[in-house]
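Report on one structure; see the data block that follows.
The values are calculated or read from the model by the stated rules, or taken from the named source; none is laboratory data. If you're wondering where the values come from, they're calculated on a predicted model, not measured in any experiment. All Cβ positions, glycine included, derive from the backbone under ideal geometry; neighbour counts span all protein chains shown. Please note that ligands, DNA and RNA were not included when accessible areas were found on the heavy atoms of the full protein model with its side chains. Shrake-Rupley method; radii C 1.70, N 1.55, O 1.52, S 1.80 Å.
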Amino acid sequence: QVQLEESGGGLVQAGGSQRLSCSASGIMFSIYTMGWYRQAPGKQRELVAEITMVDSTTYADSAKGRFTISRDNAKNTVYLQMNSLKPEDTAVYYCKTTRRNKDYWGKGTLVTVSS
């Protein structure tokens, strides 16, 4: 079955950087669009960034210019490089893919940005 596992979260100071990783199994990783989402306390889950099989990327306005999504198909892994972090970036970050019209999510990794 499809499994996604995020890692790389933690506590970081405002202005700092963090790189998240999401390792996938159970899918032909290279052909699937992969996305990073986040959910802050009391808020709805929102798209942060997405990357297609041909490395076309989409970013939320809040992520543009600060975050970079990338993928390594040889490692079945998608990354989210986050720079110039702000306290409002504090959230649980989730990895997602869709296969046969079904969404698959990881369990998430918490990123806390201190001011």
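List, please: which pairs have Cβ atoms under 7 Å, are six or more places apart or on different chains, and start with a residue in the stretch 42-57 that is open to solvent by less than 50 Å² (accessible area, probe 1.4 Å) and end with one that is modelled with pLDDT of 95 or more and among the charged types (D, E, K, R)?
That search, which allows pairs on different chains as well, returns 48/38; 51/71.
Which fully enclosed strands (runs of 3 or more DSSP E) of the stretch 50-115 have 2 or more residues being out of contact with any Phe, Trp or Tyr (no Cβ under 8 Å at 6 or more places or on another chain), of a type in the set (A, V, I, L, M) and over 13 Å from residue 17 (Cα atoms)?
91-99
Give the residues of the stretch 1-33 that are assigned to a strand (DSSP E or B), farther than 16 Å from residue 77 by Cα and open to solvent by 60 Å² or more (accessible area, probe 1.4 Å), sorted by residue number.
11, 13, listed by residue number.
Of (1) in contact with a helix residue (DSSP H, G or I) (Cβ under 6 Å, 6 or more places away or on another chain); (2) within 16 Å of residue 112 (Cα to Cα), residue 53 satisfies all except one. Which?
(2)
Please identify the pairs in which a residue from the stretch 25-36 that is on the phi > 0 side of the Ramachandran plot and at pLDDT below 95 has its Cβ atom under 9 Å from the Cβ atom of a residue that is outside any strand (DSSP E or B) and open to solvent by 40 Å² or more (accessible area, probe 1.4 Å), counting only partners at least 6 apart or on another chain.
Correct list of pairs: 26/1.
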